[in-house]
Amino acid sequence: MPKSIQTRLRVDGAALHLEMTDDGRGFSMEQIAVGRGLPGMRARAAALGGRCEIDGAPGGGTRVRLVLPMGSS
């Protein structure tokens, strides 16, 4: 279980940026299999025209960055 989780949210006019970082146990990037979970987040972000980047290392925590384009009004 992580001891701390940081969340950052910002809008730069063209996109919404969300970054979440924790100091948990992390994981090997090879552990990310096709399916729901983290790969599903990537697929859903891509379907909305955005991207989702996931970085992790055993013992090094995890960082998820999500960028979604802002719709025109």
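The values are calculated or read from the model by the stated rules, or taken from the named source; none is laboratory data. What you are looking at is a predicted structure, and each value in this text was computed from that prediction instead of being measured. Glycine gets a Cβ as well: all are built from the backbone with ideal geometry, and neighbour counts include every protein chain shown. Heavy atoms of the whole protein, side chains included, go into the accessibility calculation; ligands, DNA and RNA do not. Shrake-Rupley method; radii C 1.70, N 1.55, O 1.52, S 1.80 Å.
Which pairs have Cβ atoms under 9 Å, sit 6 or more apart or on different chains, and link a residue in the range 52-73 that is closer than 17 Å to L18 by Cα to one that is modelled with pLDDT of 85 or more and of a type in the set (F, W, Y)?
Final answer for the pair search is none.
Name the single residue that is least open to solvent (accessible area, probe 1.4 Å) among those in the range 1-19 being closer than 16 Å to G50 by Cα and in contact (Cβ under 8 Å) with a residue 40 or more places away in the chain. Reasoning before the result, please.
Quick first cut of the range 1-19, residues closer than 16 Å to G50 by Cα only: 9-19.
Subsequent filtering for residues that are in contact (Cβ under 8 Å) with a residue 40 or more places away in the chain retains 11, 13-19.
Values: V11: 87, G13: 66, A14: 66, A15: 12, L16: 50, H17: 36, L18: 52, E19: 46 Å².
Per the criteria, the residue is A15.
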